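The values are calculated or read from the model by the stated rules, or taken from the named source; none is laboratory data. A quick note: this is a predicted structure, and the numbers were derived from the prediction, not measured. Positions of Cβ are backbone-derived with ideal geometry, glycine not excepted, and every protein chain shown enters the neighbour counts. These area figures cover heavy atoms from the full protein model, side chains too; ligands, DNA and RNA do not enter into them. Shrake-Rupley method; radii C 1.70, N 1.55, O 1.52, S 1.80 Å.
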Amino acid sequence: MTQHNKANKTVLITGSSRGIGRAAALAFGCRGYNVALNCVKNREAMEKTAEEIKSLGAKTEGYVCDVSDYGTVCNMVKAIENRFGGIDVLVNNAGVSFYGLFQDMKEEEIRRVIEINLMGVFNVTGCVLPYMISKKEGAVINISSVWGNVGASCEAVYSASKGGVNAFTRALGKELGPCGIRVNGISCGCIDTEMNSNLNKEEKAALAEEIPLMRFGKAEEIGELILFLASEAASYINGQIITADGGFL
């Protein structure tokens, strides 16, 4: 991974101890951003990611915080602003999945998916926006799923949560555009991360055959797309859901 010129900006990436979040953190670190990491429980993995970012010459700090808890989120954002001066780019990546029939889901399982995947996006975005609005500049990138576009059997609540993220992204892009803040989303297809660990080798191979590019996406590919959407190269892209699924749907 090649290090680029310093960006002198700060990015907060939720759920950045592994997978897409980690890949995005390293991409921003290469670009010279100050990187605020976040996890809810995997502190060891987050600290390992932080060490990798520091080796790139970028500044970073990790924060343990459950994005579904508004008060804790506000405290995290204040700590980041105290440490780095503000948050210029927000990547709402934290998410959980549930695979199974809707009729078999318990109330607490339904609530957890909605609280993390949807309310978490509301919470973190709401806490970060005052700084961006004061600067009349900023970028928010929400990580969604193709199932938020079309729905998936046995992932009804997850699909609903991501559909909500998509609608929120489009609406907030319209609302914040006059403030100089761009809001976009990435609708991910089958990405090779731990979230797909419920699939065995044979199931993954069968699914890959249905994808025109004949493979799962890489977390690093999504990380680079996130970096692009945060950059000046994407300065006229707002309120969009970019689908990255290898042509799957």
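A few remarks follow.
- With contacts taken as Cα pairs under 8 Å and at least 6 residues apart, the chain reaches a relative contact order of 19 percent.
- Here LYS204 is the anchor, and the lysines within straight C-alpha reach of less than 20 Å, apart from those fewer than 8 places off in the same chain, are LYS218.
- Rounded to the nearest 20 debye, dipole of region 1-98 from Cβ charges on Lys, Arg, Asp, Glu: 240 debye
- Heavy atoms of ARG83: accessible area, 1.4 Å probe, square angstrom to 10: 100 Å²
- Entry comment: accessible area of region 74-165 is 44 Å² per residue, from protein heavy atoms only and a probe of 1.4 Å.
- Computed over region 119-249, the P(r) tail beyond 19 angstrom holds 53 percent of alpha carbon pairs.
- Shown here is the pair-distance distribution of the chain: with all Cα-Cα distances grouped in 10 Å bins from zero up to the longest one, the shares run 8, 33, 38, 18, 3, 0 percent.
- Comparing Cα centroids, region 89-157 and region 39-63 end up 22 angstrom apart.
- Using a probe radius of 1.4 angstrom, the carbon and sulfur fraction of the accessible surface of the chain is 51%.
- Measuring nothing but how far apart in sequence close Cα pairs (under 8 Å, 6+ apart) lie, relative to its length, region 53-132 scores a relative contact order of 41 percent.
- By accessible area with a 1.4 Å probe, ligands and nucleic acids excluded, highest first: order of TYR63, TYR131: TYR131, TYR63
- Note on SER134: accessible area approximately 90 square angstrom, rounded to 10, probe 1.4 Å, nucleic acids and ligands left out.
- Candidates per chymotrypsin sites (Phe, Trp or Tyr not before Pro) in region 199-249, loop by DSSP, up to 14 other Cβ within 10 Å: TYR236
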